1. Could you please report the charge total around L133, scoring K, R as +1 and D, E as -1 over all other residues with beta-carbon less than 14 angstrom from its beta-carbon?
2. Between the alpha-carbon centers of region 93-171 and region 283-308, tell me the distance in whole angstrom.
3. Check V117: other-chain or 5+ apart residues with amide H under 5 Å from its amide H, H built from backbone geometry?
4. Which chymotrypsin sites (Phe, Trp or Tyr not before Pro) in region 67-173 sit in a loop by DSSP (not H, G, I, E or B) and have at most 13 other Cβ atoms within 10 Å of their own Cβ?
5. Can you give the accessible area of T253 in Å² (nearest 10), computed on protein heavy atoms with a 1.4 Å probe?
6. Per the 1.4 Å probe, what fraction of the accessible area of region 1-139, in percent, lies on carbon and sulfur atoms?
7. Once the other residues with Cβ under 12 Å from the Cβ of S13 are scored (Lys, Arg +1; Asp, Glu -1), what is the net sum?
8. Would you work out what percent of the accessible area of region 268-322, with all protein chains in place, is carbon or sulfur (probe 1.4 Å)?
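The values are calculated or read from the model by the stated rules, or taken from the named source; none is laboratory data. As the structure is a computational prediction, the values presented were derived from the model and not from experiment. Don't worry about glycine lacking a Cβ; one is built from the backbone with ideal geometry, like all the others, and counts go over all protein chains shown. Just so you know, the surface numbers come from the protein's heavy atoms only, side chains and all, with ligands and any DNA or RNA stripped out. Shrake-Rupley method; radii C 1.70, N 1.55, O 1.52, S 1.80 Å.
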Amino acid sequence: MPSLKEIKTRIASVNSTRKITSAMKMVASSKLHHAQQMIENMLPYENMLEHILKAFLASMPEAHTPLNVERKQLKRVALVVFSSNSSLCGGFNANVTKLMQQAVAHYREQGVTEIVVYPIGRKIAEQAIKMKLQVRGDFNHLAEKPNAHQCADIAKELADQYAAGELDKVELIYHHFKSAGSQILTRRIFLPIDLTTELGRFNDRDLSSNVVTAKAQEYLKKKAATEQKKKEQAKPLNDNFLVEPDMETILTTLIPKELNLMVYTALLDSNASEHAARMVAMQTATDNADELLRDLNLQYNKSRQQAITNELLDIMGGSVNN
């Protein structure tokens, strides 16, 4: 049995660790709130732009662009993968890495000869280098400070390569932020533009809370059911478009905006998911520290009582002998 001093030292150590995990949880919670606000500010624009572009391309048979033509044979594929720069966020980075490995294996089975990775985040960049994949660019700073202009540069580079035939397919791999307690690992086709995706498929986010309790989860389920009923009852927008000045000008303007927004949205989702995952991980660590402290305090009290009992027995034994 450890001595009282050893137990006391361990209690002090666990207390110190608990203070750190509790502080990190509060910081992650604050950053999550900020990330949720950024997504909320972007959502109305994203929803309307996606609806206009997809409805326009679907309702106009003559609306052709090199970016929505699917290639029959895949030889060169690009993966834009989002992770974090730091750890201590549960399985966030490990899950992204695993999905990237699965995607690479899938394309190699199909005979893809060239796979290029655009890593956004230091953790995924390190993994891509270990896997000896082609890595383009250094975007580690975007994982901490999302920037729409730099996302636009990435989207433009990918679109130009796809239009020139240098790439046959582009995918985004990231965590889709659904709520503080749910982040869904997602593989999303970036190019060619996917017209089969239902409108609003990636807009099922709850940005009103950062609580991950069972009661909050029940509330989110009820809210999702209510929103689904509203969607079913909502009237569709008027998709009877009048094209001015011409089709090419409209597509040249709309498509780059949509592609820029897709990369920026994925970045914001990944950023919010990272903070949510870190908040949950630090909350779990704090709870484990509390449980460990209870056990250590109980063990300390038992050992202390045992020491007192032993001393009393020695005193009583000495008096009987005398």
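1. Numbers: positive: R76, R108, K130, K132, R136; negative: E114, E126, E171.
After counting each charged neighbour, the total is +2.
2. Cα centroid of region 93-171 versus Cα centroid of region 283-308: 47 Å apart.
3. When sequence neighbours closer than 5 places are left aside, the close amide H contacts are L79, Q134, V135, R136.
4. Values: sites: F82, F92, Y107, F139, Y162; in loops: F139.
Of the chymotrypsin sites (Phe, Trp or Tyr not before Pro), not one in the loops of region 67-173 has a Cβ with at most 13 other Cβ atoms within 10 Å.
5. Ignoring ligands and nucleic acids, T253 comes out at about 70 Å².
6. Result for region 1-139: 55 percent of the exposed heavy-atom area is carbon or sulfur.
7. Numbers: positive: K8, R10, R18, K19; negative: E6.
Surrounding charge for S13 is +3.
8. Ligands and nucleic acids excluded, carbon and sulfur give 53 percent.
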